[in-house]
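Rule-based calculations on the coordinates, nothing more; no lab input. Everything quoted here is computed from the prediction, not taken from an experiment. Note: ideal-geometry Cβ built from the backbone for every residue, glycine included; neighbour counts use all protein chains shown.
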Amino acid sequence: MPKDFSRSLRVADQIQRELAELLHNEIKDPRISQITITAVEVSRDYTYAKVYYTTLDGQEKSNAIERGLEHAGGFLRSSLSKRINLRQVPQLTFVYDKSIERGAHLSKLIDEAIAQENK
């Protein structure tokens with residue numbers, strides 16, 4: 001196995017897949033119905049994990065979504081402990097990922113600049 005694909009990256013990838021499945025199939029909270037897990041970063045000792053998410057609703061509803069995710073955090077962590085064989089399941093911290101919105105905004109600006117240039 002290549003050295004650049006460390007165990008912490010594999011654990012983060014597994015957590016991302018399991019959380020996406022749990023959010024899609026198990027969580028019934030309407031605040032977190034349309035979110036996407038974009039990335040997971042796990043600390044070196046696997047005690048903490050930052051879960052980056054984005055939503056189709058934009059940043060306007062991100063506070064309500066984050067409260068919903070924090071409320072469901074205990075259930076998600078206990079469900080992860082049943083699905084992933086780790087000595088200690090990381091404590092989950094949810095962070096809104098602005099990169100997709102930023103990319104869409106930059107793309108829009110580029111399209112506007114090209115349209116202005118072609119006039």
Conditions (1) touching a residue at least 60 places away in the same chain (Cβ under 8 Å); (2) not in a helix (DSSP H, G or I): number failed by VAL11 = (2)
Within the range 52-69, considering residues that are over 13 Å from the mean Cα position of the chain (by Cα) and part of a helix (DSSP H, G or I), the one surrounded by the fewest Cβ atoms within 10 Å (Cβ to Cβ) = GLU60
Within the range 35-51, residues over 15 Å from ALA20 (Cβ atoms) and within 15 Å of the chain's Cα centre (by Cα) come out as GLU41, VAL42, TYR48, LYS50
Taking the condition among the β-branched types (Val, Ile, Thr), under 22 Å from ALA12 (Cα atoms) and not in a strand (DSSP E or B), does ILE37 pass?
-> no
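Among the residues of the range 82-98, which ones are assigned to a helix (DSSP H, G or I) and loosely packed, with under 13 Cβ neighbours inside 10 Å?
Residues of the range 82-98 that are assigned to a helix (DSSP H, G or I), as a first pass: 82-83.
The one that is assigned to a helix (DSSP H, G or I) and loosely packed, with under 13 Cβ neighbours inside 10 Å: LYS82.
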Tell me, please, whether a residue that is in contact (Cβ under 8 Å) with a residue 60 or more places away in the chain and in a helix (DSSP H, G or I) can be found in the range 102-119.
-> no
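Just to be sure before I move on: is SER33 of a type in the set (Gly, Ala, Ser) and within 30 Å of ARG7 (Cα to Cα) in the structure I sent? Working first, answer last.
Values: of a type in the set (Gly, Ala, Ser): yes; within 30 Å of ARG7 (Cα to Cα): no.
Judged against the criteria, SER33 is not a match.
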